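Report on the following structure.
What follows is calculated from the coordinates using simple rules that are stated; it is not laboratory data. Quick caveat, the model's predicted, so the values are computed rather than measured. Please note: Cβ atoms are built from the backbone with ideal geometry, for glycine as well, and neighbour counts cover all protein chains shown.
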Amino acid sequence: MINRVKRVFSGHKITKGAALLFGLEAACSILGWILADPQLYESTISSGGQVFHEGRVWTLLTSPFFLFSSQWFSLIFHGLILWLFFPVLENWWGLKRFLKFAAATILASMIAGTVAGYFISGQLNRPINGLDAFTYAGIVGYGILYSTRDVTFFGVLPMKGRQLMQGIIGFALVFTILTKEWAVGASYAASMVTAWILVSGKWNPKLWRLKAKQKKARKHLTLLQGGAKKSDKMLN
């Protein structure tokens, strides 16, 4: 068992993008724990009330990097996930695309969570914070790209990448139902759906533009048939 754990954790090196995101979350969270200033959290932590009643829209950008002191375990979990799984994604995409993926999934989670909190009774002031949703989105991306790769989850559970993805989706669903944290569940769902769209290729503006240009070009072309004028354009 100990040797299996050593094999899982050996040879892993966190990449620049993953280190940047975890460093921001760790630095902001620990600073908040040290200062223990309620006003700091009021100006940085997002919720439906914060965004839509107080107008603190900027919290959509700051809240992902602040955790409460009671969420210290989440910080450790995020660090492990960003170290073990996210470097594979970053090496596959490159730093620029990885950060775009992070920005899209994080923003989707924040918007969905705060909107849900605003409209669902009793969830108005439910904080939507930390990188939980982003880590789940990354595992969904990993499961799509490496569905058949062998994974040993923290040196304990052997599985495939696809099974890891299914497990994290199931965990998020069960957590939301049992705790009735609907706003948080909405943030998880939005982040994971965004990840699926981006990684599966369902969202590809460049391809859409290319197809639109091809369709437009076809309208100006005709097949050359017998007796057609030389001035007619031809589609081979």
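Expressed as a rounded percentage, what relative contact order does the range 24-79 have, with Cα pairs under 8 Å and six or more residues apart? Intermediate values should be presented prior to the final figure.
Numbers: 48 pairs, mean separation 25.1, N = 56.
Here the relative contact order equals 45 percent.
Could you line up LEU35, LEU21, LEU124, LEU84 from fewest to most neighbouring Cβ atoms inside 10 Å? Intermediate results must be reported in sequence, preceding the final value.
Working: LEU35 11, LEU21 23, LEU124 17, LEU84 20.
Final ranking by Cβ density, sparse to dense: LEU35, LEU124, LEU84, LEU21.
I need LEU60, LEU131 ordered by Cβ neighbour count within 10 Å, fewest first.
Lowest to highest Cβ neighbour count: LEU60, LEU131.
Quick one: go through the range 93-119 and flag any residue whose amide nitrogen is under 11 Å from the point 7 Å out along the Cα-to-Cβ line of SER70.
Label zone hits: none.
Given the range 2-203, what whole percent of its Cα pairs are spread farther than 21 Å?
Details: 10568 of 20301 pairs.
Of all Cα-Cα distances in the range 2-203, 52 percent exceed 21 Å.
Going down the list LYS16/LYS180; LYS100/LYS216; LYS100/LYS213; LYS100/LYS211; LYS100/LYS160, which pairs span over 28 Å between their C-alpha atoms? Kindly include the intermediate steps, with their values, before the conclusion.
Details: LYS16/LYS180 36 Å; LYS100/LYS216 30 Å; LYS100/LYS213 26 Å; LYS100/LYS211 24 Å; LYS100/LYS160 26 Å.
Flagged as over cut-off: LYS16/LYS180; LYS100/LYS216.
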